[in-house]
Protein chains: 4
Amino acid sequence: MASNSFGNVFRVTTWGESHGPAIGAIIDGCPAGVEIDALEINAELALRAPGKSDYTSARKENDQIQILSGVFEGKTTGAPICLLILNQDANSSHYGPIKDLLRPGHANFTYLEKYGIYDHQGGGRASARETTARVAAGAIAKKFLAFFNIEVAAYIKQIGPIISHPKYDSVLQLKNMTYQNPVHCPDSDAAHEMVVLLDQVKAEGDSLGGIIEFIAINLPTGLGDPVYEKLEAKLAHAMMSLPACKGFEIGNGFACVTLKGSENNDLFIHEQERVKTSTNYSGGTLGGISNGMPITGRVAFKPTSSIRKAQQTLNLNKETETLQLPSGSRHDPCVAIRAVVIVEAMLALVLTDALLLNRCAKL
Amino acid sequence: MASNSFGNVFRVTTWGESHGPAIGAIIDGCPAGVEIDALEINAELALRAPGKSDYTSARKENDQIQILSGVFEGKTTGAPICLLILNQDANSSHYGPIKDLLRPGHANFTYLEKYGIYDHQGGGRASARETTARVAAGAIAKKFLAFFNIEVAAYIKQIGPIISHPKYDSVLQLKNMTYQNPVHCPDSDAAHEMVVLLDQVKAEGDSLGGIIEFIAINLPTGLGDPVYEKLEAKLAHAMMSLPACKGFEIGNGFACVTLKGSENNDLFIHEQERVKTSTNYSGGTLGGISNGMPITGRVAFKPTSSIRKAQQTLNLNKETETLQLPSGSRHDPCVAIRAVVIVEAMLALVLTDALLLNRCAKL
Amino acid sequence: MASNSFGNVFRVTTWGESHGPAIGAIIDGCPAGVEIDALEINAELALRAPGKSDYTSARKENDQIQILSGVFEGKTTGAPICLLILNQDANSSHYGPIKDLLRPGHANFTYLEKYGIYDHQGGGRASARETTARVAAGAIAKKFLAFFNIEVAAYIKQIGPIISHPKYDSVLQLKNMTYQNPVHCPDSDAAHEMVVLLDQVKAEGDSLGGIIEFIAINLPTGLGDPVYEKLEAKLAHAMMSLPACKGFEIGNGFACVTLKGSENNDLFIHEQERVKTSTNYSGGTLGGISNGMPITGRVAFKPTSSIRKAQQTLNLNKETETLQLPSGSRHDPCVAIRAVVIVEAMLALVLTDALLLNRCAKL
Amino acid sequence: MASNSFGNVFRVTTWGESHGPAIGAIIDGCPAGVEIDALEINAELALRAPGKSDYTSARKENDQIQILSGVFEGKTTGAPICLLILNQDANSSHYGPIKDLLRPGHANFTYLEKYGIYDHQGGGRASARETTARVAAGAIAKKFLAFFNIEVAAYIKQIGPIISHPKYDSVLQLKNMTYQNPVHCPDSDAAHEMVVLLDQVKAEGDSLGGIIEFIAINLPTGLGDPVYEKLEAKLAHAMMSLPACKGFEIGNGFACVTLKGSENNDLFIHEQERVKTSTNYSGGTLGGISNGMPITGRVAFKPTSSIRKAQQTLNLNKETETLQLPSGSRHDPCVAIRAVVIVEAMLALVLTDALLLNRCAKL
């Protein structure tokens, strides 16, 4: 219900198709008094934009936000914030020849089954273009969080078989390193290997999957709610709602399975007048509620479904055909790269909502 | 908001503490006309009950459902269904000696931080006892799904390092094999190894993690919604809301990362008058909407936090103390085992809600 | 969706049929730390109970609340509060003879049309019995409001053509006068006239309608939200959800129509260091948000549909029949009387929810 | 929570300030396959537009809808529909001189108290300009309803003391008569009297209140839900969320109070193979669910708060000042007139949502 909205108090609604005139987001429930600057939002959008390197789609999206409501004299007023982004360089001519083919790994088949109608131009709502609106909304959430000194970050942990092991002293440094290279990986050695591999896979007309790690620091205790609205459940929902996302884990995640309880339990310690844990295998929550340690986890993205390699498929009459994407069609060899700032955005949205809801926990 | 409720149209609200007089669930939005039999619900509860083998908690829960509303002459009426389960054999005396200690891996610290109050008897809402109510609600969802011939199943895929590889011809057979052994694993060789390992770990006063695989078959196309309410996002939310759950994946999940797009894409084929895919790496959804193939995925559970082994921790005054659980305290060596039927229940709840919502997709 | 729940943060879910084993309410989102005493809730239930005078149904409901969860050592813990009330003296034998008749003014026709099934015993969910659970939940909301010194009250403003004009110095005094007489009207002269009229109507086997006026004082400014969640919209929703309710107005309501703007505008004045208005025609809100003045309004209830007088109707085969309620059937001659404490409860629920939500308005 | 959204399945979110660059609506959950024509929406907007007669504000709003998403080849696709309307002729210069005054009957005081910030230009979200977006969304709901042959209408029932008694054979005829005169009253005699009175009041620099009656026909039985989501509760919520609305009633509403049960009960009759009622005092619902008879009711609007007459008030420093609206400021002498099409829109939104939700009532 209301499948284009996310969040409870801080509620984001996105709209727009990848090849329509515009896309956008409405943010309802942003507290009054948050300082908003269109340039800051544009800077976030630039981190998501394709066309900047060889490893993202060649579509050029120099996205510029228009703030149509909810901000007065540079501050939010409590009214819904309408963010509009015009679609540029949306070339739907590539989709004509393939519009009657079911595209492997794509949603055109399921949309057609569900709605009986399909906007075949560029993926419609299923396109990664939709995530631009999430990044814009996330930029506002980040401003809210910054007021409380909370910082969020994400980076490429893995592409194909190559795993990164970044070294950093602060989240700020981590972020700087992340966006310094075209694969958004803060481990320069791994980044180099990734670039080499991506060049090769791209040449084959193929694609690779990736894993993004996220982190949030300086959170108060108490965020998240028991039972069905655990912080990790909301995070999982947020991340798994991203196109191409296939897995989510909090803390050490699936790796906890081969540990014993005595190894996996984080022990409480007293440090700098605060209760902390000696390790953070849990990823910053206990019973679904933040314990004050960093929130960490990982998100898996499948290899891009749109590949230049020919694939056998069906047409709308259920007859076998070969799908050969037009040579000029523009697709990322690894969607995870551009998803880094999107994961950051979803993390910021979840934490903002949880922070606001937590104000209602006590008398 | 309303953190004890789950679902949109088919909405479940659970309540009750593990050591209070009773627990229960309200199901609002169950369509009228579903046949309900208390014995069937009790049979599901029995699959979750501890005290049946050496590998689950020794607490005896011979749970019997009381249906207090919403059913008339054996059928649902459209009114909210109140399911009540009395707590039996709830021995909170064990908790007295440790009530002032922060328990590693537990929620008493975070609840105390969030609410300023903590019901120290047996875990309160954070206890796995709460999931009994989910199983009861899930039993009703399964009855709804059965009307449409949809079947759900789950089983132990892994405990510690031991991975199972069950062979089965039908989901019915899979279910039968699953509940035939004390570790709920349908691969008898793996099950045997798991039993040996659990005996050893239990003797050490320690615990192990596990992975549950789930499957749903005979689904129509069209379940789930674009963008924020993708079927896999709802499933992730559902599963990550379970106690001790640390990870979720749909289809091949994290494993997709090391595949190329040409390997990972499921190709469309025409079979028995229907559109199918030659493989099912996606796990039954495309763009968040069911494609008619089986829904499959996995859920990771951490090793039980409550272990007999002594652990260093803090008391409420932030002073270091040793936590030594009383010898008679009752805890599962591997929480994943009893979570099998709970995962089934959550799967049924998500699919029922999606099936109802899908009725609104077209004119 | 979730039609048996009310409220956003402070969310009440009720369940149970009038002639089933029990009814109850779950309150999710009550902040931790509210002092709860079952005796206080029972005292509220007693104000709603029938069987106390000649002017309410003869069914005896000596309702006693059972608190099954969410309260620990006398205070709420933040967990859902389960309130259970056993049904007593529920005599469904009267309903046998009329179970195949469409009852004028009743919901059995529409329930049957909607659900295809109808629990013909005593009205099911459409019975006023359901409102007992609202009163219980409202009693907890009142405890929350009392912490902030907010008081709510309601009383009979009108029965049939008789209008009351109570004189009171405080809301406390008003409440005392209200519950001193069997018609819950704080104007003793009007109350006397109402009693005489009700005796006469009852003797005729007929019934009367009534109007309840409500008031809340000591509210902070800022409760309620712009546009679709205006405080008066939530109040209207709350009141119009009561059985037999046909109209709602805030402030001077429909009477404002014949005033001019210059007469109807409340002028701002400065008094005791606070901004007030010289009159309160608006009923305490401006633009849907509380302005600190008393919240006031009125709710209209139709004459009881169940009357002893014979009425022509149809049976389930659409054949004309005469409906003659059994002589022993028990119905209020004026449902508004017992609705006084229910209106208070709904007022308390709306204000509690608005007070909690308002915590999220500013940075 | 999400106070700028309305509806469950068919969910409308509006945004935009009266003097910002644009306003708009997002409609999420509109079923796929509804035919949409921008010209039809513009025609509805024209019915709300001021500046067309002497009896509405002089601000010219020749509103033209832009459909930015959700419609493909003339039909809805199931994706969110973004409707954008540019603000024209928004002259905020009039507000400068009065920006530091609390305006009687207005929301600037309460917004300032709630948010600490106030966009003083033209009323922001509290402006009736917001309702333009509701009309646009309502136009789409009407298209959905038309598919099921359901028609909605509204008209001026009363202005000041003048009551209309329209005579009509069909809802179509009623609608035609309504929009034929400048006061949107289908009783030409009453309309003439209203015009005379409004001329006089306008000359005084004052304003009048009004009552709108609404009607919907050809509804199926079963719309609306028991307990908290009764159809009349949703309608009341919808109408009371309109600016200046002070009262709501369904059926005979407050007038039922002076009737006896035997007079007020609608008797069931068998007519044209259908179950009907001989009268329709209930206004088309029983127990909150539509019974197939016309849905009818009334909504009260206060006299416009903005009047040319001087009024005493406070400034932001709580000092007494005189508010004298600038001579060129533009306000309706009676806001109810333009609210006619808005009430129609809200009626259409409520019914559309109820119709969709009702698809989930039975197995």
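When only residues in the range D:24-43 that are hydrophobic (A, V, I, L, M, F, W, C) and part of a loop (DSSP other than H, G, I, E, B) count, which is farthest from the other protein chains (Cβ to nearest Cβ)?
If we take residues in the range D:24-43 being hydrophobic (A, V, I, L, M, F, W, C) and part of a loop (DSSP other than H, G, I, E, B), then D:Ile36 is farthest from the other protein chains (Cβ to nearest Cβ).
Could you please find all residues in the range B:164-176 being assigned to a helix (DSSP H, G or I) and touching a residue at least 12 places away in the same chain (Cβ under 8 Å)?
B:Val171, B:Leu172, B:Leu174, B:Lys175, listed by residue number.
Any residue at all in the range D:188-197 that is away from chain C (no Cβ under 14 Å), part of a loop (DSSP other than H, G, I, E, B) and surrounded by fewer than 19 Cβ atoms within 10 Å (Cβ to Cβ)?
Scanning the range D:188-197 turns up no residue that is away from chain C (no Cβ under 14 Å), part of a loop (DSSP other than H, G, I, E, B) and surrounded by fewer than 19 Cβ atoms within 10 Å (Cβ to Cβ).
Condition check: of a type outside the set (Phe, Trp, Tyr) and facing chain A (nearest Cβ under 8 Å). Does B:Ser305 satisfy that?
Answer is yes for this residue.
Could you check the range A:245-284 and list, in sequence order, the residues that are more than 7 Å from chain B (Cβ to nearest Cβ) and among the acidic types (Asp, Glu)?
A:Glu263, A:Glu271, A:Glu273
Which of the residues belonging to the range D:58-108 are closer than 22 Å to C:Val227 by Cα, modelled with pLDDT of 85 or more, among the hydrophobic types (A, V, I, L, M, F, W, C) and surrounded by fewer than 21 Cβ atoms within 10 Å (Cβ to Cβ)?
D:Leu86
Go through (1) more than 10 Å from chain C (Cβ to nearest Cβ); (2) not in a strand (DSSP E or B) one by one and return the number of the condition D:Pro333 breaks.
D:Pro333 satisfies all of (1) more than 10 Å from chain C (Cβ to nearest Cβ); (2) not in a strand (DSSP E or B) except (1).
Within the range D:225-244, can one find any residue that is acidic (Asp, Glu), within 23 Å of the chain's Cα centre (by Cα), farther than 25 Å from D:Thr131 by Cβ and facing chain C (nearest Cβ under 7 Å)?
Yes; the residues of the range D:225-244 include at least one that is acidic (Asp, Glu), within 23 Å of the chain's Cα centre (by Cα), farther than 25 Å from D:Thr131 by Cβ and facing chain C (nearest Cβ under 7 Å).
Spot the failing condition for D:Ile98; the list is (1) of a type in the set (Val, Ile, Thr); (2) out of contact with any Phe, Trp or Tyr (no Cβ under 8 Å at 6 or more places or on another chain); (3) within 29 Å of A:Met1 (Cα to Cα), and only one is missed.
Result: D:Ile98 fails condition (3) only.
Among (1) farther than 30 Å from A:Glu263 by Cα; (2) touching a residue at least 60 places away in the same chain (Cβ under 8 Å), where does B:Ala146 come up short?
Answer for B:Ala146: the failing condition is (2).
Any idea which of A:Gly297, A:Gly247 is at pLDDT 95 or above, within 21 Å of A:Leu145 (Cβ to Cβ) and in contact with a strand residue (DSSP E or B) (Cβ under 7 Å, 6 or more places away or on another chain)?
Matching residue, one of A:Gly297, A:Gly247: A:Gly297.
Any idea which residue in the range B:119-149 is nearest to the other protein chains (Cβ to nearest Cβ), counting only those that are under 30 Å from B:Leu314 (Cα atoms) and among the small types (Gly, Ala, Ser)?
B:Ala126
Could you tell me whether the range D:235-254 includes any residue that is in contact with a Ser or Thr (Cβ under 6 Å, 6 or more places away or on another chain) and either assigned to a helix (DSSP H, G or I) or among the aliphatic types (A, V, I, L, M) (or both)?
no
Mind checking which strands (runs of 3 or more DSSP E) fall wholly inside the range A:272-330 and carry at least 1 residues that are over 29 Å from the mean Cα position of the chain (by Cα) and surrounded by fewer than 20 Cβ atoms within 10 Å (Cβ to Cβ)?
In the range A:272-330, the matching strands (runs of 3 or more DSSP E) lie at A:274-277, A:311-314, A:320-323.
Among the residues of the range D:300-337 satisfying the criterion of being among the β-branched types (Val, Ile, Thr) and free of Cβ contacts under 8 Å to residues at least 40 places away in the same chain, which is farthest from D:Pro104 (Cα to Cα)?
Out of the qualifying residues, it is D:Thr320.
Which of (1) more than 10 Å from every other protein chain (Cβ to nearest Cβ); (2) without any contact (Cβ under 8 Å) to a residue 60 or more places away in the chain is the odd one out, the single condition A:Gly116 does not satisfy?
It is condition (1) that A:Gly116 fails.
What number goes with the only condition from (1) within 13 Å of chain D (Cβ to nearest Cβ); (2) buried (at least 22 other Cβ atoms within 10 Å of the Cβ); (3) aliphatic (A, V, I, L, M); (4) over 27 Å from A:Val227 (Cβ atoms) that C:Val152 does not pass?
Of everything listed in (1) within 13 Å of chain D (Cβ to nearest Cβ); (2) buried (at least 22 other Cβ atoms within 10 Å of the Cβ); (3) aliphatic (A, V, I, L, M); (4) over 27 Å from A:Val227 (Cβ atoms), C:Val152 misses just condition (1).
For the range A:285-302: of the residues being more than 8 Å from chain B (Cβ to nearest Cβ) and aliphatic (A, V, I, L, M), which is farthest from A:Ile163 (Cα to Cα)?
That would be A:Met293.
Residues of the range C:3-23 being crowded, with 24+ Cβ neighbours inside 10 Å, within 14 Å of chain D (Cβ to nearest Cβ) and either among the aliphatic types (A, V, I, L, M) or more than 16 Å from the chain's Cα centre (by Cα) (or both), which ones?
Result: C:Ser3, C:Val9, C:Phe10, C:Arg11, C:Val12, C:Trp15, C:Gly16, C:Glu17, C:Ile23.
Would you check if there is a residue in the range C:160-168 being in contact with a Leu (Cβ under 6 Å, 6 or more places away or on another chain) and either at pLDDT below 95 or away from chain D (no Cβ under 14 Å) (or both)?
Checked against the condition, which is being in contact with a Leu (Cβ under 6 Å, 6 or more places away or on another chain) and either at pLDDT below 95 or away from chain D (no Cβ under 14 Å) (or both), the range C:160-168 yields at least one hit.
When the residues of the range D:198-208 are narrowed to those that are in contact (Cβ under 8 Å) with a residue 40 or more places away in the chain and out of contact with any strand residue (DSSP E or B) (no Cβ under 6 Å at 6 or more places or on another chain), which ends up surrounded by the most Cβ atoms within 10 Å (Cβ to Cβ)?
Top of the filtered list is D:Ser207.
The values are calculated or read from the model by the stated rules, or taken from the named source; none is laboratory data. These figures come from a predicted structure and were not determined experimentally. Every residue, glycine among them, receives a Cβ derived from its backbone with ideal geometry; neighbour counts consider all protein chains shown.
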